[in-house]
1. Say we look at segment 1-60 and pick out the residues that are of a type in the set (Asp, Glu), surrounded by fewer than 20 Cβ atoms within 10 Å (Cβ to Cβ) and over 18 Å from Tyr183 (Cα atoms); which of these is modelled with the lowest pLDDT?
2. Restricting the first residue to segment 224-239 and requiring it to be under 11 Å from Ala137 (Cα atoms), which pairs with a second residue that is aromatic (Phe, Trp, Tyr) and outside any strand (DSSP E or B) meet a Cβ separation below 9 Å and a spacing of at least six or different chains?
3. Looking only at residues that are β-branched (Val, Ile, Thr) and either within 15 Å of the chain's Cα centre (by Cα) or modelled with pLDDT under 95 (or both) in segment 61-73, which one is nearest to Asp45 (Cα to Cα)?
4. What helices (runs of 4 or more DSSP H), lying completely within segment 123-233, carry at least 1 residues that are among the hydrophobic types (A, V, I, L, M, F, W, C) and within 20 Å of the chain's Cα centre (by Cα)?
5. Look through segment 10-29, keep the residues that are assigned to a helix (DSSP H, G or I) and touching an Asp or Glu at 6+ places or on another chain (Cβ under 9 Å), and return whichever of them is nearest to Phe231 (Cα to Cα).
6. If I filter segment 193-230 down to residues being out of contact with any helix residue (DSSP H, G or I) (no Cβ under 7 Å at 6 or more places or on another chain) and under 30 Å from Ala35 (Cβ atoms), which single residue comes out as surrounded by the most Cβ atoms within 10 Å (Cβ to Cβ)?
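The values are calculated or read from the model by the stated rules, or taken from the named source; none is laboratory data. Because the structure is predicted, anything quoted here is derived from the model rather than measured. Neighbour counts run over all protein chains shown; Cβ positions are idealised from the backbone, glycine included.
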Amino acid sequence: MCDATEHFIKRAEKYNSSARWVDDKVLIRKIMDLAGAGRGDCVLDIGTGTGKIAQAFRSRVKHVVGVDICGKMVMQAKGCADQIVLTPAESMPFKDNVFSVCVCRQGLQFMNMEAVLEEIHRVLKPGGRAILCHLAAYGEKDKDESFLIQRLRNPARKNFFLPDDIPCLLRNNAFRDIESFEYISRESVNQWIDNAAISKNAKEQIKQAYRNASEDFKRIHRVKFEKDDIFDSMKMVIVSARKRVVNE
């Protein structure tokens, strides 16, 4: 497993073009609608990266803070947040109960889940909302092949998710009103693997994994081979949850 900071230093310059979902306006709008943040709210964007999520909130809320561990990534986020803090999400330098909304899109797979969920709970105001959006396998039939491909693309990845994993963890960390929504992102594999952080050999292994995939995987992911590219309907799960108010 490689270091996540090292991984994203390599990916930073090409990150915004590394997947269709990165700048998907429909997906970003869904996240914002679930957050329900307004003019008086302070929003925390965990794993802000190049700032796409923070940027969407910035003109609509009181204050947006982005956190990340990779300085080279956040150099691409200039002007996207009111404040950017370089810090591990597992130990953030914020007071308790300060944010109305905490958002994380495609960051939890690189973090210690128990620690970061405790931190999200700590910094959220009572009644504050967490919106967590992450790539997941569809279920038991495709998980082994999905996780293999995800591991090859992101050697820094620590966590691999099934659809119910994050809701269960939130439930165990004193969140309530938990809802999950699926979002399917149709991705070009050539685009998805061209991220400057994986080797030519790993790219070929990913393509070979698709060629050798089971019929279940190909059916579930609607895999299509087209010229020299491969297309995959990747499943993202968006989870909305609320920090309990005292005495609820």
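1. Within segment 1-60, the match that is modelled with the lowest pLDDT is Asp3.
2. Sorted first by the residue in segment 224-239, then by its partner, the pairs are Met234/Trp21; Met234/Trp192; Lys235/Tyr138; Met236/Trp21; Val237/Phe161.
3. Val67
4. 143-153, 165-172, 189-193
5. Arg20
6. The residue in question is His221.
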